[in-house]
Amino acid sequence: MLRNNSSFRSSLYGVAVVAWHELLDSIKSRRAIVLLLLYLAGSVAGCAIFIKVLHTVENGVEKTIGVSESKKAGATTSVVWKSEVFKQSIIHLTGDRKELVDYLLTFPPLCLYYGWLSFTFAPFLVVMLSSSRISEEVWSGSVRFVAFRTSRLGWCFGKYAGQALQLLLALLISAVGAWLTGYFKLANFDGYSHAAMLLMFALKAWIYCLAFLGLATGISQLISSPNIAMATGIIMLMVFSILSGLASHLSGDGWRKIWDIIDMLLPGGHDLDMFYTDLRHMLPAIVYLVSLSFLYVMAGYARFGRRDL
């Protein structure tokens, strides 16, 4: 028993060391800096465009009701946010989950938009930037220098953990960018409530993206060429998106229940549940997403563990 505990602690230590070196290597190679800048720029640009559109809509409403147009967005957001047009748009995006729509309309518009932005585009960046991480080491042969220091499985999970830490930092930075954009461009900006909501969505997006990071890590173990691994990751991401869309439309009774099973095996089948704050919806989604992440990693390791490096 003591020997097993010692071996387990040693394995965890090995994963932590590999993760730390993955983080340091990314910083030295400026990969981490590029990642942070991409997320920050995307968040600021996306939120700025959203606020501009919101301001235009608000000015239209103000003109209709005969009041002077506001110089900043946010002055009449409550009127626009509760309009039937916006409500129907969100109903369409949530797949007719009306109870979720009523709940989402209680969030500040900027925070809800940031959540949608992160859940929609962060998976693409994760797959694009992480699908080649292990492939690069195998392609260059540098994996041979660490193979004798730790187990292959420990090394793979260390690379995964290092990428997960970078992803978390990137999403937190993007939330800061969204907050600063709102601070300078929104009227009646409640800094505290926006900060709490943006942080919540950043953490939820991180958990959601872990499944895609697992997919990228699994693909990276299967393919030696970094470029082909990246291309395969992007293709698989598109396939997953198409299957999720089909599952949401084709699921039903009888043989159609197979689409429910397919939906459960895809990250997209659990994204809307992450927008709730109650554990009844969130906890199963978190369990599924983390489990899917490890499942994808282990699917790649099933071959990587037997490969001749």
Give the residue, chosen from ALA211, ALA161, that is open to solvent by less than 40 Å² (accessible area, probe 1.4 Å), in contact with a Leu (Cβ under 6 Å, 6 or more places away or on another chain) and either over 24 Å from MET282 (Cβ atoms) or part of a helix (DSSP H, G or I) (or both).
ALA211
Just to check your reading of the model, which residue among GLY60, GLY74 is at pLDDT below 70 and open to solvent by 20 Å² or more (accessible area, probe 1.4 Å)?
GLY60
Would you check if GLY268 is small (Gly, Ala, Ser), more than 17 Å from VAL126 (Cα to Cα) and open to solvent by 20 Å² or more (accessible area, probe 1.4 Å)?
no
Of all the residues that make up the stretch 283-294, how many are more than 9 Å from HIS270 (Cα to Cα) and either among the aliphatic types (A, V, I, L, M) or crowded, with 16+ Cβ neighbours inside 10 Å (or both)?
6
Considering only residues of the stretch 133-158 that are open to solvent by less than 10 Å² (accessible area, probe 1.4 Å) and of a type in the set (A, V, I, L, M), which is nearest to the chain's Cα centre (by Cα)?
ILE134
Condition check for ASP308: open to solvent by 50 Å² or more (accessible area, probe 1.4 Å) and of a type in the set (Asp, Glu)
yes
Lone qualifier among SER225, SER241, SER251, SER193 - being modelled with pLDDT under 95, touching an Asp or Glu at 6+ places or on another chain (Cβ under 7 Å) and open to solvent by 20 Å² or more (accessible area, probe 1.4 Å)
SER251
Count of the stretch 177-187 residues which are in contact with a helix residue (DSSP H, G or I) (Cβ under 8 Å, 6 or more places away or on another chain) and surrounded by fewer than 17 Cβ atoms within 10 Å (Cβ to Cβ):
2
Residue count, the stretch 271-292 (criterion: among the aliphatic types (A, V, I, L, M), more than 25 Å from VAL127 (Cβ to Cβ) and modelled with pLDDT under 90):
1
What residue, among those in the stretch 1-30 that are charged (D, E, K, R) and surrounded by fewer than 17 Cβ atoms within 10 Å (Cβ to Cβ), is modelled with the lowest pLDDT?
ARG3
Going through (1) touching a residue at least 24 places away in the same chain (Cβ under 8 Å); (2) in contact with a helix residue (DSSP H, G or I) (Cβ under 7 Å, 6 or more places away or on another chain); (3) more than 25 Å from ILE235 (Cβ to Cβ) one by one, GLN166 fails only at (3)
The condition from (1) under 22 Å from GLU137 (Cβ atoms); (2) part of a helix (DSSP H, G or I); (3) open to solvent by 30 Å² or more (accessible area, probe 1.4 Å) that VAL297 misses is numbered (3)
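The values are calculated or read from the model by the stated rules, or taken from the named source; none is laboratory data. Here the structure is a predicted model, which is why all the values come from computation and not from measurement. Methodologically, a virtual Cβ is constructed for each residue, glycine included, from the backbone with ideal geometry; neighbour enumeration extends over all protein chains shown. Note: areas computed on protein heavy atoms with side chains; ligands, DNA, RNA excluded. Shrake-Rupley method; radii C 1.70, N 1.55, O 1.52, S 1.80 Å.
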